[in-house]
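*Asks:* Quick one: the structure is below, questions incoming.
The values are calculated or read from the model by the stated rules, or taken from the named source; none is laboratory data. Keep in mind that what you see is a predicted model, and the values were worked out from it rather than measured. Backbone-built Cβ (ideal geometry, glycine too); neighbour counts: all protein chains shown.
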Amino acid sequence: MITKGLIEPFSSVFINLVNADFTAKQRGLRITEEHILLDGSPENPLELIQVQIANVESKSATAISDSGEIKVEGRVKDRKPHLTMIGSFGVDASMEGNLILCRQVDQPGMIGSVGNILGEENVNVSFMSVGRITP
């Protein structure tokens, strides 16, 4: 399911759970999965997932490691998926509905400026999370 979500936005063909791995391989993507059983309990469902992507080129360079990798982490909170980490930025964003990610300078007035830009474009913000680089 992760592979499907990663390549679907960039593919001109229909991607489903059956052809996602094959399509990724055709495009030169190497998918490696590692499953770590934390406590062996079938009653304890998946709580955390990490996706690491290599050879990333992006304008959000601070979210990318020196080796060109970006790691995204998510957790299930109140039975809903939440994005909790992008690179080294700690966030808390529900994965329901639309999501806007932006990078800004950490200084007074920046959050207000972003809000004004979104307001001018008639974008309603029902929830906002601001993250800093985690130590």
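*Asks:* Select from segment 81-103 the residues that are among the polar types (S, T, N, Q) and closer than 18 Å to E69 by Cβ and list them in ascending order. Write out each step before concluding.
*Replies:* First, pick out the residues of segment 81-103 that are among the polar types (S, T, N, Q): 84, 88, 94, 98.
T84, S88 - these are the residues of segment 81-103 that are among the polar types (S, T, N, Q) and closer than 18 Å to E69 by Cβ.
*Asks:* Which of the residues that make up segment 18-42 are under 11 Å from I7 (Cα atoms), at pLDDT below 85 and among the small types (G, A, S)?
*Replies:* A24
*Asks:* Still on this model: Any residue in segment 9-31 that's closer than 15 Å to I53 by Cβ: show its pairings with residues that are part of a loop (DSSP other than H, G, I, E, B) at Cβ separation under 7 Å, as long as the two are six or more apart or on different chains.
*Replies:* As it stands, the answer is A24/I31, since those pairs meet every condition given.
*Asks:* Among residues belonging to segment 115-135 that are under 23 Å from E47 (Cβ atoms) and not hydrophobic (A, V, I, L, M, F, W, C), point out the one that is surrounded by the most Cβ atoms within 10 Å (Cβ to Cβ). Walk me through it before giving the result.
*Replies:* Taking segment 115-135 first, the residues under 23 Å from E47 (Cβ atoms) are 127, 129, 131, 134-135.
Then keep just the ones that are not hydrophobic (A, V, I, L, M, F, W, C); that gives 129, 131, 134-135.
Numbers: S129: 12, G131: 17, T134: 10, P135: 5.
Among those residues, the one meeting the criterion is G131.
*Asks:* Of (1) more than 21 Å from K71 (Cβ to Cβ); (2) assigned to a loop (DSSP other than H, G, I, E, B); (3) of a type in the set (G, A, S), S129 satisfies all except one. Which?
*Replies:* S129 satisfies all of (1) more than 21 Å from K71 (Cβ to Cβ); (2) assigned to a loop (DSSP other than H, G, I, E, B); (3) of a type in the set (G, A, S) except (1).
*Asks:* Oh, and also: Would you check which residues across segment 85-114 are surrounded by 13 or more Cβ atoms within 10 Å (Cβ to Cβ) and free of Cβ contacts under 8 Å to residues at least 12 places away in the same chain and list them?
*Replies:* M110
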